[in-house]
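Visitor: Next up is a structure, given as structure tokens.
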Amino acid sequence: QVQLVESGGGLVQPGGSLRLSCGASGSIFSTDVMGWYRQAPGKQRELVAEYMFGGSTNYGDSVKGRFTISRDYAKNTVSLQMNSLKPEDTAVYYCTLVRRRDTYWGQGTQVTVSS
């Protein structure tokens, strides 16, 4: 069984930065894809970023150039550095781990961008 625990959310002003972290416990493999999704009120959940085996990354169009995902295989963590935050980045951010047909989700952490 895999458990994911996020941390680092909060309130930040537009243009500011936040760093989210996610710790994974259980049986974690280097081939697992770890990443972040988000869901804003009234909107569908969307991909923010994902980190794949071999170091390839994939970003949602709305965050390209502003967010950076990283992964520490030794610590089983994945992090999301968010810069130049905008009010439209306000959402609950979820850590995910994908293994073949299974997707595991964290409980989510709130990010609010507001002045």
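Visitor: Can you tell me which residue among Gly54, Gly65, Gly35, Gly108 is at pLDDT 95 or above and farther than 19 Å from Val2 by Cβ?
Guide: After applying the criteria, what remains is Gly65.
Visitor: Report, ordered by the first and then the second residue, all pairs with beta carbons closer than 8 Å, sequence separation of six or more or different chains, a first member in the stretch 61-81 that is among the hydrophobic types (A, V, I, L, M, F, W, C), and a second member that is modelled with pLDDT of 95 or more and open to solvent by 90 Å² or more (accessible area, probe 1.4 Å).
Guide: Leu80/Arg19
Visitor: Still on this model: Residues of the stretch 27-45 being in contact with a strand residue (DSSP E or B) (Cβ under 6 Å, 6 or more places away or on another chain) and farther than 16 Å from Ser79 by Cα, which ones? Steps first, please.
Guide: Within the stretch 27-45, the first condition is being in contact with a strand residue (DSSP E or B) (Cβ under 6 Å, 6 or more places away or on another chain), and the residues that meet it are 32-40, 45.
Matches in the stretch 27-45: Gln39, Ala40, Arg45.
The values are calculated or read from the model by the stated rules, or taken from the named source; none is laboratory data. Computed from a predicted structure; not experimentally measured. Please note: Cβ atoms are built from the backbone with ideal geometry, for glycine as well, and neighbour counts cover all protein chains shown. Heads up: the accessible areas ignore ligands, DNA and RNA and are worked out on the full protein's heavy atoms, side chains in. Shrake-Rupley method; radii C 1.70, N 1.55, O 1.52, S 1.80 Å.
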